[in-house]
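Novice: Quick one: this structure, given as C-alpha cells, is what I'll be asking you about.
The values are calculated or read from the model by the stated rules, or taken from the named source; none is laboratory data. Remember, predicted model here, so these are calculated numbers, not experimental data. Cβ: placed from backbone, ideal geometry, glycine included. Neighbour counts: every protein chain shown. Only protein heavy atoms, including side chains, enter the accessible area calculation; ligands, DNA and RNA are left aside. Shrake-Rupley method; radii C 1.70, N 1.55, O 1.52, S 1.80 Å.
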Amino acid sequence: MSRQKGLSFYRKKKKISSAAIREIAEWFFLIFTAVLIGAVLVFSVGMRTSVIGVSMEPELYNGQEILINHFIYKLVSPKRGDVIVFLPNGNQNTHYYVKRVVGLPGETVQIKEERLYVDGVLVEEDGAFDKIADAGIAENEITLGSDEYFVLGDNRNNSEDSRSGNIGPVKRDNITGKAWFHMASSGKGMGFIK
C-alpha cells in the first residue's frame, strides 16, 4: 500500500499555440520591414561622409562618420543653427566641409570684439562657443547675397570657414545637405546632431 504525502498536482505541459507563433512571426516581419525601409530611405535620400579636422568639436570629431540628408533642402531652406555639408566654391576636387549656419541670405554679418554680429545685433551664444580670435574677412561687414549663407565651425578658433577668403559665404548650390546623425566615435555614442 503506497502512501501519498501531501497534495499532488498534475502539471500540464504548456504548449505554444500556432496563433502565438504566427503573431510573433508577424512582429518580426514588421520590425524587419521597418528597418529595411528606414535603411533604404537613409541611403537613398541621404549619404554618408566623414568629418575631417577638429573644427566642429565638441559636437563632431575628426574621422567621425555622419549621415547627410541631401533631400531636405529641396523642400526648405537651411536655417540658422543647421549643420550643413558643402563643397567650398563648388570644388569637386576637395573634401566635404561640415559647418554651422550663422548667417542667412540678405543678412549682414560681422565679427568684432571677438563676437559675432548679425544685422548689427550681437548673437548671444551662451558661452557654447569660444570667443573668435580671428575675424578674417568678417572683420568688415559682409552682406550676404540672396543665395548665400555664412558658416562657422563650432571650434571657432580652429576652423576654416566663411571667415577664410578662399571659402567665404557659401552659395546654396554648393550645399550638399544637412548633417543630421552622427555615428559612434571614440568617447561619443551615436545620435542626432544638435
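Novice: Which one of the conditions (1) modelled with pLDDT of 90 or more; (2) out of contact with any helix residue (DSSP H, G or I) (no Cβ under 9 Å at 6 or more places or on another chain); (3) within 18 Å of S159 (Cα to Cα); (4) surrounded by fewer than 11 Cβ atoms within 10 Å (Cβ to Cβ) does G127 fail to meet, given that it meets all the rest?
Specialist: That leaves (1) as the condition not met.
Novice: Among the residues of the range 147-161, write down those that are within 16 Å of K79 (Cβ to Cβ) and hydroxyl-bearing (S, T, Y).
Specialist: The one that is within 16 Å of K79 (Cβ to Cβ) and hydroxyl-bearing (S, T, Y): Y149.
Novice: Within the group V54, V85, V102, V151, which residue is of a type in the set (V, I, T) and within 27 Å of G38 (Cβ to Cβ)?
Specialist: Of the residues listed, the single one that is of a type in the set (V, I, T) and within 27 Å of G38 (Cβ to Cβ) is V85.
Novice: Conditions first: (1) modelled with pLDDT of 85 or more; (2) touching a Phe, Trp or Tyr at 6+ places or on another chain (Cβ under 8 Å); (3) of a type outside the set (S, T, Y); (4) open to solvent by 40 Å² or more (accessible area, probe 1.4 Å). V45 passes all but one, so which condition is the exception?
Specialist: (1)
Novice: Looking only at residues that are part of a loop (DSSP other than H, G, I, E, B) and within 15 Å of V51 (Cβ to Cβ) in the range 178-194, which one is modelled with the lowest pLDDT?
Specialist: G187
Novice: Is it the case that the range 114-124 has a residue that's open to solvent by 30 Å² or more (accessible area, probe 1.4 Å), hydrophobic (A, V, I, L, M, F, W, C), under 21 Å from K178 (Cβ atoms) and assigned to a loop (DSSP other than H, G, I, E, B)?
Specialist: yes
Novice: What pairs come out if I take residues in the range 69-87 that are more than 12 Å from K171 (Cα to Cα) and pair them with residues that are in a helix (DSSP H, G or I) and open to solvent by less than 50 Å² (accessible area, probe 1.4 Å) whose C-beta lies under 8 Å away, six or more apart or interchain?
Specialist: Sorted first by the residue in the range 69-87, then by its partner, the pairs are N69/V45; H70/V45; F71/V45.
Novice: With K99, K131, K79 as the choices, which residue is in contact with a strand residue (DSSP E or B) (Cβ under 9 Å, 6 or more places away or on another chain) and in a strand (DSSP E or B)? Spell out the reasoning first.
Specialist: Working: K131 fails: in a strand (DSSP E or B); K79 fails: in a strand (DSSP E or B).
None of the other options fit; the residue is K99.
Novice: Is it the case, given these coordinates, that S146 is in a loop (DSSP other than H, G, I, E, B), of a type in the set (S, T, N, Q) and open to solvent by 80 Å² or more (accessible area, probe 1.4 Å)? It would help to see each step written out before you state the result.
Specialist: Numbers: in a loop (DSSP other than H, G, I, E, B): yes; of a type in the set (S, T, N, Q): yes; open to solvent by 80 Å² or more (accessible area, probe 1.4 Å): yes.
In short, yes.
Novice: Could you identify the single residue in I167, I111, I137 that is assigned to a helix (DSSP H, G or I) and touching a residue at least 12 places away in the same chain (Cβ under 8 Å)?
Specialist: Answer to the selection: I137.
Novice: Exactly one condition in (1) at pLDDT 90 or above; (2) surrounded by fewer than 12 Cβ atoms within 10 Å (Cβ to Cβ); (3) of a type in the set (V, I, T) is not met by I37; state its number.
Specialist: (1)
Novice: Write out, first by first residue and then by second, each pair whose Cβ atoms fall under 6 Å of each other, whose residues are 6+ apart or on separate chains, and whose first residue, in the range 91-102, is modelled with pLDDT under 95 while the second is assigned to a loop (DSSP other than H, G, I, E, B) and surrounded by fewer than 19 Cβ atoms within 10 Å (Cβ to Cβ).
Specialist: Pairs found: H95/I52.
Novice: If you scan the range 135-177, which residues turn out to be in contact with a helix residue (DSSP H, G or I) (Cβ under 8 Å, 6 or more places away or on another chain), of a type in the set (G, A, S) and either within 16 Å of T108 (Cα to Cα) or modelled with pLDDT of 95 or more (or both)?
Specialist: Hits for the range 135-177 are S162, G168.
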